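One structure is given here, and the rest of the page talks about it.
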Amino acid sequence: MTHDYDVAIVGAGLAGLSAARQLSIHGVTCRVIDSADSVGGRVRSDHIDGFTLDRGFQLYNPAYPEAARVLDHEALRLHALVRGMNIVREDRNRRRVIHLADPRTVRNWHLSALSKTAGTILGKARFAAYARTAATLHGRQFDSRPDEPAQVALARAGIDATLIDEVLAPFLTGVFLEPHLMTSRRFMDAVLASFVKGSPSLPAAGMQAIPDQLHHALPEQTVQLSTAAQSVGSEYVDTEDGRIHARVVIVATDAPSAAPLVPDAHVKAAGNSVTTWYHAVPTAQLPQPLAAGRAALTVDPHHRGPLINTVPLSYAVPDYAPSGWVLVSSSALGTDSNAESQVRTHLSWLYGTDTSSWQFVAHYPIAYALPSMRPPLRIDPPRSFEPVIMAGDHTATASIQGAMVSGRRAADEALDRLGVRRADDRRLVS
């Protein structure tokens with residue numbers, strides 16, 4: 001059989017692009033196809049009337065080891081969000097804001113953080129110790145700890161229920177996109193390690209700058225867009241434009257797309273959904289800056305409305321909004337697109353200001369935003385030896401780091417099958 005390429009890759013998200021990058025470095029010819037009109041998969045951005053809108057609230061942590069090894073951080077022009085969180089609660093029929101922050105950051109802490117309504121001092125010390133320990137783990141060490149739901153692991157570490165319910169659960173709900181902390185503690189440990197080591201950030205041009213950078217590093221015409229894969233085999237991909245023959249095939253889509261393509265792989269397609277809302281506020285209409293003028297995450301532990309968090313993004317990344325405007329990103333679990341009035345009411349409580357004149361810009365209901373990471377979970381999974389190689393964050397962890405590691409591992413497996421020799425001394429957390 002004559003092969004068109006050494007490797008065919010289905011999916012031009014972070015996993016597929018990372019696989020293509022690794023293959024191209026080793027001189028292997030590959031073709032990446034995707035049904036979308038642009039690269040990025042779930043990491044996409046739109047530009048509307050001068051605003052940059054990421055499709056879903058996403059952040060990039062420059063401490064991700066695989067991403068830091070591959071990406072040009074200087075070219076991304078990363079802007080860090082505040083390493084902290086505002087907790088809005090009702091105290092004696094009055095709105096009260098508790099400011100929690102990383103004490104390592106100068107001028108970033110507040111006396112309200114000492115309040116017992118946000119957990120005991122001992123509980124906070126125990127959580128800090130837990131996070132520091134997680135930050136020392138590497139590779140298979142994450143898998144060496146017994147797996148259990150994150151809620152159980154935190155309680156077992158002696159962290160009081162108030163701190164879990166009022167602080168950790170509201171924060172981690174925005175990370176896991178599930179409200180009960182039933183996510184694997186191994187994934188939680190990897191997330192906490194990344195927060196200890198780095199500051200969640202955004203590229204100046206939007207999150208799509210990350211897949212765009214990977215794409216631009218590939219040989220020209222490597223990626224073929226607006227082309228859906230209809231079926232795959234060990235040496236072919238059928239598309240609406242015909243069959244692509246390749247010596248190795250990698251399926252690097254999200255789990256729901258991969259499941260019908262590779263039914264024998266028994267892909268777990270369970271995932272978590274979210275809707276992200278964007279509102280624009282003229283600064284002239286604000287009696288005072290939102291969240292004290294800081295891009296700090298704001299949460300409501302008592303669930304007075306649909307939002308799990310909100311943040312004035314353009315305080316951190318001025319390029320996200322035209323001059324004189326503040327862009328506010330807010331997220332709610334699920335995909336209810338009819339809740340804008342409820343969202344607006346909840347925002348009024350969270351920011352302590354009238355939101356009736358805020359301009360609605362867009363919203364993004366995303367049915368499969370993240371793969372479910374419930375236990376038992378392997379953080380450092382073995383490479384696939386199926387006829388079709390699998391990649392994607394559902395094969396690793398629900399993160400940019402997981403997607404990129406899975407792509408590189410899939411490419412390494414393809415190189416092995418092709419008989420291409422390579423250095424293999426990397427042990428990076430997925």
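The values are calculated or read from the model by the stated rules, or taken from the named source; none is laboratory data. No experiment lies behind these values; they were computed from the predicted model shown. Ideal geometry is used to build each Cβ from the backbone, glycine not excepted, and the neighbour counts take in all protein chains shown. Surface accessibility is based on the protein's heavy atoms, side chains included, excluding ligands, DNA and RNA. Shrake-Rupley method; radii C 1.70, N 1.55, O 1.52, S 1.80 Å.
The sole residue among Ala284, Ala292, Ala259 that is open to solvent by 20 Å² or more (accessible area, probe 1.4 Å), at positive phi and assigned to a helix (DSSP H, G or I) is Ala292. Taken as a whole, the structure places Val167 among residues that are touching a Leu at 6+ places or on another chain (Cβ under 7 Å), under 20 Å from Gly84 (Cα atoms) and buried (at least 21 other Cβ atoms within 10 Å of the Cβ).
Among helices (runs of 4 or more DSSP H) entirely within the range 117-197, having at least 2 residues that are under 19 Å from Arg374 (Cβ atoms) singles out 141-144, 150-156, 169-176, 185-197. Return the residues of the range 379-397 that are at pLDDT 85 or above and over 18 Å from the mean Cα position of the chain (by Cα); say none if nothing qualifies. Selection gives Pro387, Val388, Ile389, Met390.
Among the residues of the range 226-236, the ones that are buried (at least 17 other Cβ atoms within 10 Å of the Cβ) and touching a helix residue (DSSP H, G or I) at 6+ places or on another chain (Cβ under 9 Å) come to 2 in all. The set of residues from the range 200-215 being within 13 Å of Val317 (Cβ to Cβ) and open to solvent by 10 Å² or more (accessible area, probe 1.4 Å) comprises Pro200, Ala205, Ala209.
Taken over the range 322-349, the criterion of being over 19 Å from Val88 (Cβ atoms), open to solvent by 10 Å² or more (accessible area, probe 1.4 Å) and outside any helix (DSSP H, G or I) is satisfied by Pro322, Ser323, Gly324, Trp325, Gly334, Thr335, Asp336, Ser337, Asn338. Looking at the range 60-85, which of the residues that are closer than 18 Å to Ala396 by Cα and aliphatic (A, V, I, L, M) is surrounded by the fewest Cβ atoms within 10 Å (Cβ to Cβ)? Out of the qualifying residues, it is Ala68.
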